[in-house]
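Trainee: Right, I'll just put the structure down here and ask away after.
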Amino acid sequence: MSPDDGIPGPAESAGAPRIGVDEWVASVEEKRERYSGLRGVALREWDRLPAAARVLLCVGLAALFPLVTSDGNVFRYGLFTLVYGLLAIGLNVVVGFAGLLDLGYVAFFGFGAYTYGILASPQYNNHWQAEAAIPVVIVATGVLGLLVGLPSRRLFGDYLAIATLFFGQAFYVFVNNANRIKFPFFGHTNLTGGSNGIAGIEPFNFFGYKVQGTRGLYYLLLISIAIVLIFLFAVHDSRTGRAWRALREDPLAAEAMSIPVNRLKLLAFVFGAAVAGFTGAIYATIATAALPGDYNVGLLITIYAIMILGGFGSMMGIFVGAIVVSSVPELLRSSANARPLFYGAILLAILVKIRPWRRLALELGGLIAFGFAVHAIASAAYPRLTDGKAIGSGLFARALDHWMLFPRNPEHIADVAYILMVAAIVIFPQATGLWRALLLPALLYSVMFVWENLLLQQIGGATRLILLGALLVALMNARPQGLFGKAYVEIV
Amino acid sequence: MADTPLLELDQADKSFGGLRVIADLDLVVNEHEIVSVIGPNGAGKTTLFNLITGIYPPDSGEIRLDGRNLVGLQPHVITGLGIARTFQTLRLFLNMTVKENVMAAQYGHTKVGVLRSMVKTPAARREEKEIHRRAEEKLSFFGDRLMGYRWDQFAYSLSYANRRRLEIARAMATEPRLLLLDEPAAGMNPKETHEITELIGKLREDGRYTILVIEHDMHVVEGISDRVVALDHGVKIAEGSFESVATDERVIEAYLGLRRATTK
């Protein structure tokens, strides 16, 4: 059958709209337009940059950090952000690219740390050079990834998650107890140091040059990240990367399109494991020790939180995620940082959420008036409620003394208020119209009361974790696909 | 026509539990032929495709491509040997772009390993270029429909008809000899149906594919088929030209229950 044997031609020759504009394209164009001005220019330029340039730009910015701040800050904010970031990049290959829910991931991190510890610590009397030890660690962890992947290569989704979670826990139990294994021919062997772990792990020693000190480690991590990222960007847009993504989208269709699904799953596992193992070796030199407790579920959750927050599959988003998840709890350690962050966040939320500005002014004015009214009534009727003082010094703290209630002994009343506040937050969304407008100042006041009298008192402990959790909940509600992720379409 | 048929089913049999979906089916598709499979819902048409592509193995019997037995091979191996399919329910890689969908399907006949593409060796760059070129070539088969700005659109943003086209383009990218099309005209309007009819003809003439197609739209079947096979409950009830099958009493009975209606 030839195209022109009397059958009318395809639609476009019959006067249908030419290719170039359809509804979808129009909507995309519209979205682009919306980001006009400086932000639009920045976004478009960013999209146009090649991957390597983006990586180098980010890494370059990060490289300036130690120049503007103290060693302590680099250690507190920098090192852990980068370790988490590198770990999350590796996990992103497994979860973000290939769509395999791997809950045993931190075991590979731990395995890398232990392997390096065995190769370079006085405890085992090995002192390998880094240029030899790092490849060995990477290959060994990759092989372990292969071994874990082999039995679970037919599993998907929840089943794979359970199998890998088991592996992660098994690793934890193993390193905790592998100090008295009895091998045939070798006798009792102390493989992992048991619950004491491996101490005195040596820094990386590249051809006699030792990478140590906070700054040295920071730059080592940064260079590692740049290399891994550039490699992974190349893989993402290669034959293998496309096959991984195809497998994430629809394993059956991928298999039918000549993609060996099982082999690619193993490959993704090996890749993720190798990155984790490498990170583990670096972490071992930072901590100068490998301890079983460092590679447990808590870390796994942190890494997943970073990846989810940044957006699945987005390697740049991971960095923002790592910065948020590892810096926020550190920042919140002191009340001097925590208070402005808290009030700033509340103010920002109100500014974003309440429109028009007239209503905003009324609500804010209402809140301030409400505070003074409560304070005046309380100090007249029941002075014990206003005898206390706000934590800290400065103008803001002293101003708070005249506005917020500070009971002499806040313990009991604050505990009760905390429970009432949680109940109020849960109930509040049910209120509508005028009730909502009237209740908001009272609700905010109660939140601030609890903050000043309970949460801020324990800012070094549970509070910062509660706040981090609240922040993550708020961010994920605002952008379920993660900060830099794009929303995946599952069924259309 | 070659002596060995391109595809040959020899007493293929498949049951799901107690339900016999394909019953001792013999089927032959010769090189360069377009064969349509018709039959009421549940006749076993899609199961037939799943057997051929290795998604499930037959309980007994043989399936041969060019004389080589396919039974027991994994689906991706069978695809590599030259059988590609589309899916009735549309299983595109939705969150990949149009072009990436077609590029991903070239996995089977490309070679560069992950380490080489990681450092972008010259061989990797060359192959990547070739993958791009072939993807564009496959997409250009559909006229303007999947060209230009659509390359970088995500598959989920495509219209239904374009998704069907992309399914075919993706199947073509595996460089098959035999194309299995599962209801390529389902859900299309008359104009698009017409276009698909024409396209299937073009696939044989220009693309040199042999085509086995499941279709419900009798206009399409009439327009494209060299031969029609009618299935009912996994049994071949008629085979031959469109006219002979369409007027076959058992086919009419399978679709309409005519004989029972007339004898009552």
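The values are calculated or read from the model by the stated rules, or taken from the named source; none is laboratory data. Please read all numbers here as calculations on a predicted model, not as lab measurements. Counting neighbours? That spans all protein chains shown, and the Cβs are built from the backbone with ideal geometry, glycine included.
Trainee: Which of the residues spanning region B:96-124 are more than 19 Å from A:L232 (Cα to Cα) and assigned to a loop (DSSP other than H, G, I, E, B)?
Mentor: Once the filter is applied, which keeps residues that are more than 19 Å from A:L232 (Cα to Cα) and assigned to a loop (DSSP other than H, G, I, E, B), region B:96-124 yields B:A105, B:Q106, B:T110.
Trainee: Determine if region B:70-78 includes at least one residue that is surrounded by 22 or more Cβ atoms within 10 Å (Cβ to Cβ), assigned to a helix (DSSP H, G or I), within 22 Å of the chain's Cα centre (by Cα) and not hydrophobic (A, V, I, L, M, F, W, C).
Mentor: yes
Trainee: Against the conditions (1) facing chain A (nearest Cβ under 9 Å); (2) within 12 Å of the chain's Cα centre (by Cα); (3) more than 18 Å from B:M172 (Cα to Cα), where does B:A84 fall short? Just the number, please.
Mentor: (3)
Trainee: Another question about this same structure. Specify which of the listed residues (A:L222, A:L232) is more than 14 Å from chain B (Cβ to nearest Cβ) and surrounded by fewer than 24 Cβ atoms within 10 Å (Cβ to Cβ).
Mentor: Being more than 14 Å from chain B (Cβ to nearest Cβ) and surrounded by fewer than 24 Cβ atoms within 10 Å (Cβ to Cβ) holds for just one of A:L222, A:L232, which is A:L222.
Trainee: I'd like the full set of residues that are more than 10 Å from chain A (Cβ to nearest Cβ) and among the charged types (D, E, K, R), limited to region B:153-189.
Mentor: Across region B:153-189, the qualifying residues are B:R164, B:R165, B:R177, B:D182, B:E183.
Trainee: I want to confirm something. Restricting to region A:269-317 and keeping residues that are touching a strand residue (DSSP E or B) at 6+ places or on another chain (Cβ under 6 Å) and not β-branched (V, I, T), which single residue is farthest from the other protein chains (Cβ to nearest Cβ)?
Mentor: The selected residue is A:A289.
Trainee: Also, quick follow-up: Identify the single condition in (1) surrounded by fewer than 15 Cβ atoms within 10 Å (Cβ to Cβ); (2) of a type outside the set (F, W, Y); (3) within 26 Å of the chain's Cα centre (by Cα) that A:L103 does not satisfy, given that it satisfies every other one.
Mentor: A:L103 satisfies all of (1) surrounded by fewer than 15 Cβ atoms within 10 Å (Cβ to Cβ); (2) of a type outside the set (F, W, Y); (3) within 26 Å of the chain's Cα centre (by Cα) except (1).
Trainee: Does B:V28 fit the bill of being hydrophobic (A, V, I, L, M, F, W, C) and either surrounded by fewer than 21 Cβ atoms within 10 Å (Cβ to Cβ) or in a strand (DSSP E or B) (or both)?
Mentor: The answer is yes for B:V28.
Trainee: Is region B:186-194 home to any residue that is under 17 Å from the mean Cα position of the chain (by Cα), surrounded by fewer than 16 Cβ atoms within 10 Å (Cβ to Cβ) and over 24 Å from B:S15 (Cα atoms)?
Mentor: Yes, region B:186-194 has at least one match.
Trainee: Could you pull out every one of the helices (runs of 4 or more DSSP H) wholly within region B:161-262 that has 3 or more residues that are under 20 Å from B:T89 (Cβ atoms)?
Mentor: B:190-205
Trainee: Further, regarding this structure: Can you name the residue in region A:242-261 that is of a type in the set (D, E) and assigned to a helix (DSSP H, G or I) and is also farthest from A:F156 (Cα to Cα) among such residues?
Mentor: Once the filter is applied, the top-ranked residue is A:E255.
Trainee: Let me ask you something else. Among the residues of region B:114-136, is there at least one that is surrounded by fewer than 20 Cβ atoms within 10 Å (Cβ to Cβ), closer than 25 Å to B:K202 by Cα and at the interface with chain A (Cβ under 9 Å from one of its Cβ atoms)?
Mentor: No, every residue in region B:114-136 fails to be surrounded by fewer than 20 Cβ atoms within 10 Å (Cβ to Cβ), closer than 25 Å to B:K202 by Cα and at the interface with chain A (Cβ under 9 Å from one of its Cβ atoms).
Trainee: Scan region A:249-263 residue by residue and report those that are in contact (Cβ under 8 Å) with a residue 40 or more places away in the chain and at the interface with chain B (Cβ under 8 Å from one of its Cβ atoms).
Mentor: A:E249
Trainee: Can I ask one more? If only one of B:G67, B:G108, B:G143 is within 9 Å of chain A (Cβ to nearest Cβ) and out of contact with any Pro (no Cβ under 8 Å at 6 or more places or on another chain), which one is it?
Mentor: B:G108
Trainee: Working carefully through the options B:N95, B:N30, B:N50, find the one that is in contact with a Phe, Trp or Tyr (Cβ under 8 Å, 6 or more places away or on another chain), more than 7 Å from chain A (Cβ to nearest Cβ) and at pLDDT below 95.
Mentor: Residue meeting the stated conditions: B:N50.
Trainee: Right, A:L67: within 20 Å of A:R215 (Cα to Cα) and without any contact (Cβ under 8 Å) to a residue 12 or more places away in the chain or not?
Mentor: Answer is yes for this residue.
Trainee: Would you point out which residue out of A:L443, A:L475, A:L400 is part of a helix (DSSP H, G or I) and either charged (D, E, K, R) or farther than 30 Å from A:L309 by Cβ (or both)?
Mentor: None of the other options fit; the residue is A:L400.
Trainee: Between A:L395, A:L367, A:L400, which is surrounded by 13 or more Cβ atoms within 10 Å (Cβ to Cβ) and modelled with pLDDT under 90?
Mentor: Going through A:L395, A:L367, A:L400 in turn, the sole match is A:L400.
Trainee: Six or more apart or on different chains, Cβ atoms under 8 Å: show the pairs whose first residue is in region A:382-404 and over 20 Å from A:P441 (Cα atoms) and whose second is modelled with pLDDT of 85 or more and of a type in the set (S, T, N, Q).
Mentor: A:G388/A:N453
Trainee: In region A:411-440, what residues are polar (S, T, N, Q) and assigned to a helix (DSSP H, G or I)?
Mentor: A:Q430, the sole residue that qualifies.
Trainee: Looking at B:E62, B:E130, which one is among the charged types (D, E, K, R), out of contact with any helix residue (DSSP H, G or I) (no Cβ under 9 Å at 6 or more places or on another chain) and assigned to a helix (DSSP H, G or I)?
Mentor: Exactly one of B:E62, B:E130 is among the charged types (D, E, K, R), out of contact with any helix residue (DSSP H, G or I) (no Cβ under 9 Å at 6 or more places or on another chain) and assigned to a helix (DSSP H, G or I), namely B:E130.
Trainee: Would a scan of region B:57-66 turn up a residue that is over 13 Å from the mean Cα position of the chain (by Cα), at positive phi and either buried (at least 24 other Cβ atoms within 10 Å of the Cβ) or among the hydrophobic types (A, V, I, L, M, F, W, C) (or both)?
Mentor: Checked against the condition, which is being over 13 Å from the mean Cα position of the chain (by Cα), at positive phi and either buried (at least 24 other Cβ atoms within 10 Å of the Cβ) or among the hydrophobic types (A, V, I, L, M, F, W, C) (or both), region B:57-66 yields no hits at all.
Trainee: For A:R358, work out the one condition from (1) touching a helix residue (DSSP H, G or I) at 6+ places or on another chain (Cβ under 9 Å); (2) farther than 23 Å from A:A470 by Cβ; (3) loosely packed, with under 13 Cβ neighbours inside 10 Å; (4) at pLDDT 85 or above it doesn't fulfil.
Mentor: Going through the list (1) touching a helix residue (DSSP H, G or I) at 6+ places or on another chain (Cβ under 9 Å); (2) farther than 23 Å from A:A470 by Cβ; (3) loosely packed, with under 13 Cβ neighbours inside 10 Å; (4) at pLDDT 85 or above, A:R358 breaks only (1).
Trainee: Any idea which residue in region A:29-81 is nearest to A:T285 (Cα to Cα), counting only those that are at pLDDT 75 or above and not in a helix (DSSP H, G or I)?
Mentor: Filtering first and then ranking leaves A:S70.
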